[in-house]
Amino acid sequence: MSEKERKKATIYDLSVVSGASPSTVASVLNGTWRKRRISEETAAKILSLAREHDYKANLQARALRSSRSGLVGLLLPVYDNRFFSSMAQTFESEARKRGLVPMVVSGRRDPEEERRTVESLIAYAIDSLFIAGATDPDGVHEICMRAGLPHVNIDLPGKFASSVIADNRQGAEALTSAIIRHAETLGPLHAGDVYLFGGRNDHASRERIAGFHAVKQSVFGAVTKGDIEITGYSPGATALAFDRFFDKHGRLPKCFFINSSINFEGLLRFMGRHDGEAFGDIVVGCFDYDPFASFLPFPVYMIRPNISKMLERGFDLLDEPKPLTIMIEPELVPPRTALEGPLDALNDPSPPFVFAD
């Protein structure tokens, strides 16, 4: 194609160069190809040709024809957290693969703010919404229902809309088993040596606590009372919980489970106020993943939810008439491990810097 033709490339042009029918090309570009059972190989080929030939959908024209804007929203509770920042990065990639324009916003763990933010997104005529970790997912659901907006819950489930969540209980059992096994190699271990810090009264925390206690029951034959410090998702409150434990016992637990990377930040604040003797023989598990935590001087096991798979299934469920809850198995990450993430997919076009002689 000439440069002039490239700028005017249409679905029919892409049909000719790809050998696929115009309807197949349209399904790939609007993100509905999986429902038509089009192969991933064909979809990848068409998307590659679309980029090569500089195909750009006219979103305004498409909206006039189909009453769709091409915008898709993601409501997060916070940004300053590796789990949710990775979710935002992955969501943007998944949306663009489907020819959609992503809009990412935060509800700041405030139910009123969540509802106001969703109402603003609806005013911008988004086509669908992903609700991640909302404090009140059912309140957001009511607003979406009134607006006729397709939506799906991610990370925390709701009662009335489809949800895609990590298998929190399975992940908690894997994490608790791993830290107990490791701690047992360092010396005698009793049920009273194993604690859990963080979380609140939400679905994820309840499932993780259930998994934590199930493993303790299996290993020790009993569950110790008072082995949980519920602190909410607050680094400050978690740091104070570690302070209280240390002041009472003169040490940290030999083996403990931290409910999220936000709570893990509380441990780091505690560490900043104490010397290394306070953490000489501890084994830690964190239900979240951050490569920096993996290289601390004590062993840290982590659980990394499969964000890509959660979002892929979320797109599949947007048009599901009956609410479904899909659980995705997370990954256990051993200490001293740095895994690939969504930033690995980014290309830095700038050449390496060379110092002048």
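The values are calculated or read from the model by the stated rules, or taken from the named source; none is laboratory data. Predicted, not measured: the structure shown is a model, and the values here were computed from it. Don't worry about glycine lacking a Cβ; one is built from the backbone with ideal geometry, like all the others, and counts go over all protein chains shown. Keep in mind that these areas ignore ligands, DNA and RNA; they rest on the heavy atoms of the full protein, side chains included. Shrake-Rupley method; radii C 1.70, N 1.55, O 1.52, S 1.80 Å.
Yes/no per residue for (1) at negative phi; (2) assigned to a helix (DSSP H, G or I); (3) modelled with pLDDT under 85:
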{"position": "R36", "(1), (2), (3)": "yes, no, yes"}
{"position": "L47", "(1), (2), (3)": "yes, yes, yes"}
{"position": "Q60", "(1), (2), (3)": "yes, yes, yes"}
{"position": "R68", "(1), (2), (3)": "yes, no, yes"}
{"position": "M87", "(1), (2), (3)": "yes, yes, no"}
Selection from segment 279-296 of residues over 17 Å from Y195 (Cα atoms), among the hydrophobic types (A, V, I, L, M, F, W, C) and buried (at least 19 other Cβ atoms within 10 Å of the Cβ) yields A293
If we ask which residues in segment 263-278 are under 23 Å from E173 (Cα atoms) and either open to solvent by less than 20 Å² (accessible area, probe 1.4 Å) or in contact with a strand residue (DSSP E or B) (Cβ under 8 Å, 6 or more places away or on another chain) (or both), their number turns out to be 4
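Is it true that R251 is surrounded by fewer than 19 Cβ atoms within 10 Å (Cβ to Cβ) and within 30 Å of G133 (Cα to Cα)? Write out each step before concluding.
Values: surrounded by fewer than 19 Cβ atoms within 10 Å (Cβ to Cβ): yes; within 30 Å of G133 (Cα to Cα): no.
Spelling it out, it is not the case that R251 is surrounded by fewer than 19 Cβ atoms within 10 Å (Cβ to Cβ) and within 30 Å of G133 (Cα to Cα).
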Checklist entry - Looking at E229, is it open to solvent by 40 Å² or more (accessible area, probe 1.4 Å), at pLDDT 95 or above and either in contact with a strand residue (DSSP E or B) (Cβ under 7 Å, 6 or more places away or on another chain) or over 27 Å from R108 (Cα atoms) (or both)? => result yes
Does R116 meet the test of being out of contact with any His (no Cβ under 8 Å at 6 or more places or on another chain), without any contact (Cβ under 8 Å) to a residue 24 or more places away in the chain and open to solvent by 10 Å² or more (accessible area, probe 1.4 Å)?
yes
Quiz prompt | Check on V215, closer than 29 Å to P321 by Cα, touching a helix residue (DSSP H, G or I) at 6+ places or on another chain (Cβ under 6 Å) and crowded, with 19+ Cβ neighbours inside 10 Å | solution = no
Those residues of segment 216-246 that are over 25 Å from the mean Cα position of the chain (by Cα) and in a loop (DSSP other than H, G, I, E, B) come to a total of 7
